[in-house]
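Data block below; observations after.
The values are calculated or read from the model by the stated rules, or taken from the named source; none is laboratory data. The structure presented is a predicted model; accordingly, all values stated were derived computationally and were not measured. Virtual Cβ from ideal backbone geometry, glycine too; neighbours counted across all protein chains shown.
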Amino acid sequence: MITVEWSLGAGEAAGKVPVKILSRTRGGGKHGRMRWKRALMTLLASAAVASPALVLVDTVPAQAAPRVCTSYTEALAYVDSGVRYWVRRPTVGYNSWDHNCTLRVGDNAPGAIRALQAAIRCSDGGNVGIDGVFGTQTRQGVINVQSNRQVGVDGIYGPQTAHVMTFGIFIDSGWFASCNSVWG
């Protein structure tokens, strides 16, 4: 994505418009888009020489803001007497491994919230209930973890908070079993 800005002089029209570069070449992929981008930048640069008031800004997109955690990802921790034990961590989508997400009061994602509530227990955030509801008790647990682990305190679970948490282990039936000291 590039942004084209222009001004035609004092008191004249001005504007700013994002332009998405698409490749129509077969198998062009990333390299095809780069060829189109270079071609467009060359054309626009030529126009800027003809009209010095034209300003080109090539922007690099920032990392996407965290989305709401909608489920959890689980990884097999161990098997004992035929029972499998799974580490669960809130993610965007079931087993997506996309951990760049948030949870806050009022969010409706029971699986992700249960995984978060177990992590609160395992991270010295308090003995919160594991009910899949992000209410005041869960918020206070997140605040406790953030305060104890010295990250920004806002009561919202996000990437920074996740980085300092220890995640819970669940058995096949979905019940919380213990804490994991490996995946954190």
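Every residue in region 94-106 that is at pLDDT 95 or above and assigned to a loop (DSSP other than H, G, I, E, B), please. Once the filter is applied, which keeps residues that are at pLDDT 95 or above and assigned to a loop (DSSP other than H, G, I, E, B), region 94-106 yields Arg104, Val105.
The set of residues in region 118-137 that are touching a strand residue (DSSP E or B) at 6+ places or on another chain (Cβ under 8 Å) and in a helix (DSSP H, G or I) comprises Ala118, Ala119, Arg121, Cys122. Among the residues of region 72-100, just one is under 13 Å from the mean Cα position of the chain (by Cα) and loosely packed, with under 12 Cβ neighbours inside 10 Å, namely Trp97.
Within the group Gly158, Gly168, which residue is surrounded by 20 or more Cβ atoms within 10 Å (Cβ to Cβ), over 18 Å from Thr70 (Cβ atoms) and touching a strand residue (DSSP E or B) at 6+ places or on another chain (Cβ under 7 Å)?
It is Gly168.
Take region 103-135 and flag every residue that is among the polar types (S, T, N, Q) and surrounded by fewer than 19 Cβ atoms within 10 Å (Cβ to Cβ). Of everything in region 103-135, those that are among the polar types (S, T, N, Q) and surrounded by fewer than 19 Cβ atoms within 10 Å (Cβ to Cβ) turn out to be Asn108, Asn127.
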